[in-house]
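Here is the structure we will look at.
The values are calculated or read from the model by the stated rules, or taken from the named source; none is laboratory data. As the structure is a prediction and not an experimental result, all values here were calculated from the model. Backbone-built Cβ (ideal geometry, glycine too); neighbour counts: all protein chains shown.
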Amino acid sequence: TREGIGSDTQSIDSIVRSIPGTYTNTDQAQGTVQVNIRGMSGFGRVNTMIDGVTQTFYGSASDDPARFHSQTGTSAFGAVIDTNFLIGVDVTRGTFEGVGGANALMGSANFKTIGINDIVHDGNIFGFLGRFSYGSNGIGPSYMSAVAGKTELENNGYV
């Protein structure tokens, strides 16, 4: 299990690849992220989830070779999400019981998205989160910003 994508400068790829036997494949043409555990990925092999909801997207895309450095299109399972919105990931290798263990021969990966408490920290009523990255691999710039506010209610709840 690895946490801290939001508080660290590492990418989702770096975090997942730091776990022995795992790596990621980000398909820019489809906007998907796949987790490979011990040489296997996809539906029935690795249960890929976003906030606990299993992702079963199977897409086919014809890449533009000049833009995505690919000779052919891709067809693969993956979780459709912009990696800028990810704040953490739980990776479990092997088979196990429970919700994450269903349809998971090699393990599961549960991506966690940004919540209000990731933007507005304790003791504050307002917060801002911004991310920017740029690569020289032809993908170009990637940026995201989030603004949030909250106020405490009488019964210890928040709006």
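Quick check on my filter: what residues within segment 105-124 are under 21 Å from Asp13 (Cβ atoms) and surrounded by 15 or more Cβ atoms within 10 Å (Cβ to Cβ)?
Passing the criteria: Met106, Gly107, Ser108, Ala109, Asn110, Phe111, Lys112, Ile114, Asp118.
Taking segment 117-158 only, how many residues are of a type in the set (S, T, N, Q) and either assigned to a strand (DSSP E or B) or under 18 Å from Gly88 (Cβ atoms) (or both)?
Residues in segment 117-158 being of a type in the set (S, T, N, Q) and either assigned to a strand (DSSP E or B) or under 18 Å from Gly88 (Cβ atoms) (or both): 4 in total.
Failed condition for Gly107, given (1) touching a residue at least 40 places away in the same chain (Cβ under 8 Å); (2) not assigned by TED's automatic domain parsing to the domain that holds Ile19, with all others met?
(2)
Which residue pairs have Cβ atoms under 7 Å apart, sit 6 or more places apart or on different chains, and have a first residue in segment 19-31 that is at negative phi and a second that is at pLDDT below 75 and in a strand (DSSP E or B)?
Note: pairs meeting the criteria are Ile19/Arg2; Asp27/Thr74; Asp27/Ala76; Ala29/Ala61; Ala29/Thr74; Gln30/Gly59; Gln30/Ala61; Gln30/Thr74.
For segment 126-159, enumerate the residues that are in contact with a strand residue (DSSP E or B) (Cβ under 8 Å, 6 or more places away or on another chain) and either closer than 30 Å to Arg45 by Cα or of a type in the set (Ser, Thr, Tyr) (or both).
Ser133, Tyr134, Ser142, Tyr143, Ser145, Thr151, Tyr158
Can you confirm whether Gly123 is among the small types (Gly, Ala, Ser), over 14 Å from Val46 (Cα atoms) and either out of contact with any Ser or Thr (no Cβ under 9 Å at 6 or more places or on another chain) or not assigned by TED's automatic domain parsing to the domain that holds Gln34 (or both)?
Here the answer is yes, as Gly123 does meet what is asked.
Restricting to segment 80-116, name every residue that is assigned to a loop (DSSP other than H, G, I, E, B), within 17 Å of Phe43 (Cα to Cα) and of a type in the set (A, V, I, L, M).
Listed by number, the residues that qualify are Ile81, Ala102.
Would you be able to say whether some residue in segment 70-81 is at pLDDT 85 or above and aliphatic (A, V, I, L, M)?
Looking for residues that are at pLDDT 85 or above and aliphatic (A, V, I, L, M), one finds none in segment 70-81, hence no.
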